[in-house]
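**Q** Below are the C-alpha cells for one structure; questions will follow.
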Amino acid sequence: MADGVPLTNNEVDRTRTRAGALVVMASNFAIAAASAFAIVKVGDKDFAQMAAILTAAFTAVGTMTTAYLGIRAASNTAQSAVAGVGEQVAKAFQQQQQQQSTAPQPTVTGITPNTGSAAGNEQVTITGSGFSPAAVVKFGPNTALSRFEDDTRITAMTPPGSGAVDITVDTPGGTSTTSAATTFTYH
C-alpha cells in the first residue's frame, strides 16, 4: 500500500517477481561460490559426486524459492518463456531417465592390489567395464572415496575394514556382480 492506495494484482506480481529473482540470484551465487571453493580446495577428490550434490542443491533452492514466493509471470511473454523452459527441463529429465535405463551394468574384472591394511586409506585400482562418473565403490558395506578414471578404470581409497570383502561398483546401469576377482582382503 503506497500512500494509502492498495496495490494492484499486477504490482504485487511484479514485486513478487523481483523478490523471487533476487533470492534465486543470491542463492545461485552462493552455490556457485561453494562450487568454486570445492573445486579449488578439494581438487580431484570425487568431483563427480560433489557436482551432482551441488546441482541438486541448485535445483532445490530455485524450486523452493519459486514456490514459496508464488512468483507469477508479469506478462504473457514471460509466461511463454517459462513454459518453454519447463518443456526443456522436462525433455532433459526424460533424456536423463532414458540414458540411465540404457546404461550398461558395470562389471569388475580386477582389483590391484587385492589386499591391504585394516586401517584403510590405501589406493586400489579397479578395472572392468561400464563405469561412469557417477560410480560409487563399496568395500563390503562401506563406501570408499573413489575417482572415475574412464569407463574401464576407477581409483579408490580403501575404507577401514577386516577380513575378506567384496568390492562392488554402483552406477546408473546397476551394481556389479561379485566373484573371486572382486574380493579384497584386509590384513
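The values are calculated or read from the model by the stated rules, or taken from the named source; none is laboratory data. Since this is a predicted model, take the numbers as computed values, not measurements. Cβ atoms come from the backbone with ideal geometry, glycine included; neighbour counts cover every protein chain shown. Quick note on the areas: whole protein, heavy atoms, side chains included, nothing else; ligands and nucleic acids left out. Shrake-Rupley method; radii C 1.70, N 1.55, O 1.52, S 1.80 Å.
**Q** Between a residue in region 176-187 that is in contact (Cβ under 8 Å) with a residue 40 or more places away in the chain and any residue that is open to solvent by less than 40 Å² (accessible area, probe 1.4 Å) and part of a helix (DSSP H, G or I), which pairs come within a Cβ distance under 9 Å, given they are 6 or more apart or on different chains?
**A** Here the result reads S176/T182, each pair linking region 176-187 to a residue that is open to solvent by less than 40 Å² (accessible area, probe 1.4 Å) and part of a helix (DSSP H, G or I).
**Q** Which of the strands (runs of 3 or more DSSP E) found entirely inside region 68-142 contain at least 3 residues meeting this: within 30 Å of A19 (Cα to Cα), open to solvent by less than 40 Å² (accessible area, probe 1.4 Å) and at pLDDT below 70?
**A** none
**Q** Looking only at region 143-165, which residues are more than 16 Å from E122 (Cα to Cα) and free of Cβ contacts under 8 Å to residues at least 60 places away in the same chain?
**A** E149, D150, D151, T152, R153
**Q** On to the next question. Please enumerate the residues belonging to region 156-187 that are of a type in the set (V, I, T), buried (at least 16 other Cβ atoms within 10 Å of the Cβ), in a strand (DSSP E or B) and at pLDDT 95 or above.
**A** V165, I167, T168, V169
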